[in-house]
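Taking it in order: structure first as structure tokens, then the write-up.
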Amino acid sequence: MDVTISRVEDQLLVISRAIGAPAYDFDFDLNFRCTHPFRFREGELCVLRLGPVPDYGSDYAERLDWGLRPVNSPEEHFRASELEGWYPLIRDLTPATRIFDHLPPASRIESDFGWPVFVKGSRQTSKHNPDLAVARNADEYARLCDGYAKDPILHWQRPVVRNFVELDPIPGEVPGKVRASREFRTFWWRGNFVGCGHYWYQLPAYGAADLRIGIELAREVARRVEVPFLVVDIARTRDGDWIVIECNDAQEAGYAGLSPHLLWRNILDHLD
């Protein structure tokens, strides 16, 4: 698929590719004044909106060869998108988690965690498939392990096991997904809060009376992780507490329930 290079409002260079996902794709030309340069300003800042990038280091090096400066370095990309990068920095703000080379036996789960547990890959879940995410006993865990090994999204990732925390449920459900709850996606640009959207965008918009507490939690995460363009997903628990679900490189993240136009407008307003 073709890559589009847009200089947005003569302030920010965005290199984008439509991936066919409405929650990710965004037409900058329809929403902002854009030019499409073939020559760049030396060291010009750029953002990559190319979907998941298999080898970020190579992509980063290619943009440097063009004379550009991608917003997140390879080290920052790792710290944002890999659990091994962000978890040690915020372990007190998110459910207890352990990463394994291979899925451990059920006896290890019972001794280290107890049931139920939440399982994911080191980078992502398999599209929130509940059968590959939640195990409430040893039998369910055995089926999950079998499915994990065969799943095209999970099989190449190191498995991650987390304490299962009951989240505050919301009305409605998304077929084939884990139970929808009061989760939100927050975006941070160089430590500045630039947007928040309801995570389950497939359902009617929802909020939380104490969302500001969750946003302040995410602000602390952004301070600790120190990645220029960062996503922090947060959720309200059934007990009324706020926890961090995960972090990610915002270049790869979908907008969830946030207006893309509002996000990019806020980012432009925070440019030097």
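With respect to the conditions (1) surrounded by fewer than 17 Cβ atoms within 10 Å (Cβ to Cβ); (2) of a type outside the set (A, V, I, L, M); (3) touching a residue at least 40 places away in the same chain (Cβ under 8 Å), residue 84 falls short on a single one, namely (3).
Answer with yes or no whether residue 166 is over 21 Å from residue 77 (Cα atoms), open to solvent by 30 Å² or more (accessible area, probe 1.4 Å) and modelled with pLDDT under 95. Answer is no for this residue. Checking each residue in the range 233-265 for being part of a strand (DSSP E or B) and in contact (Cβ under 8 Å) with a residue 60 or more places away in the chain picks out 235, 236, 237, 243, 244, 245, 246, 247, 248, 249. Checking every residue in the range 104-126 against the condition of being touching a helix residue (DSSP H, G or I) at 6+ places or on another chain (Cβ under 6 Å), open to solvent by 40 Å² or more (accessible area, probe 1.4 Å) and of a type in the set (A, V, I, L, M, F, W, C) gives zero matches.
Quick one: is residue 193 more than 25 Å from residue 74 (Cα to Cα), in a strand (DSSP E or B) and either touching a helix residue (DSSP H, G or I) at 6+ places or on another chain (Cβ under 8 Å) or small (Gly, Ala, Ser) (or both)? Spelling it out, it is not the case that residue 193 is more than 25 Å from residue 74 (Cα to Cα), in a strand (DSSP E or B) and either touching a helix residue (DSSP H, G or I) at 6+ places or on another chain (Cβ under 8 Å) or small (Gly, Ala, Ser) (or both).
Does the range 215-226 contain at least one residue that is assigned to a strand (DSSP E or B) and open to solvent by less than 10 Å² (accessible area, probe 1.4 Å)?
no
To keep it simple, each residue is scored yes or no on (1) closer than 26 Å to residue 132 by Cβ; (2) open to solvent by 30 Å² or more (accessible area, probe 1.4 Å); (3) touching a His at 6+ places or on another chain (Cβ under 8 Å).
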| residue | (1), (2), (3) |
| --- | --- |
| 202 | yes, yes, no |
| 234 | yes, no, no |
| 240 | no, no, no |
| 256 | yes, no, yes |
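Only a single criterion out of (1) open to solvent by less than 80 Å² (accessible area, probe 1.4 Å); (2) of a type in the set (D, E, K, R); (3) at pLDDT below 95; (4) in contact with an Asp or Glu (Cβ under 8 Å, 6 or more places away or on another chain) is not satisfied by residue 182, namely (3). Being of a type in the set (Asp, Glu) and surrounded by fewer than 19 Cβ atoms within 10 Å (Cβ to Cβ) is a description that applies to residue 42. Against the test of being surrounded by fewer than 19 Cβ atoms within 10 Å (Cβ to Cβ) and either in contact (Cβ under 8 Å) with a residue 40 or more places away in the chain or closer than 18 Å to residue 159 by Cα (or both), the options 79, 91, 69 yield a single qualifying residue, 91. So, residue 153, is that one touching a Lys or Arg at 6+ places or on another chain (Cβ under 8 Å), open to solvent by 30 Å² or more (accessible area, probe 1.4 Å) and β-branched (Val, Ile, Thr) or not? Against the criterion (touching a Lys or Arg at 6+ places or on another chain (Cβ under 8 Å), open to solvent by 30 Å² or more (accessible area, probe 1.4 Å) and β-branched (Val, Ile, Thr)), residue 153 qualifies. Scanning the range 16-33 for residues that are in contact with a helix residue (DSSP H, G or I) (Cβ under 8 Å, 6 or more places away or on another chain) and open to solvent by 30 Å² or more (accessible area, probe 1.4 Å) gives 26, 31. Pairs linking a residue in the range 149-166 that is within 10 Å of residue 126 (Cβ to Cβ) and acidic (Asp, Glu) to a residue that is part of a loop (DSSP other than H, G, I, E, B) and open to solvent by less than 80 Å² (accessible area, probe 1.4 Å), with Cβ atoms under 7 Å and 6 or more positions apart or on different chains, are 151/126. If I ask for residues that are modelled with pLDDT of 95 or more and open to solvent by 70 Å² or more (accessible area, probe 1.4 Å), which ones from the range 1-15 would you list? Scanning the range 1-15 gives 10, 11.
The values are calculated or read from the model by the stated rules, or taken from the named source; none is laboratory data. Keep in mind it's a predicted model, so treat the numbers as computed, not measured. Every residue, glycine among them, receives a Cβ derived from its backbone with ideal geometry; neighbour counts consider all protein chains shown. Note: accessible area is taken over every heavy atom of the protein model, side chains too, but ligands, DNA and RNA are not part of it. Shrake-Rupley method; radii C 1.70, N 1.55, O 1.52, S 1.80 Å.
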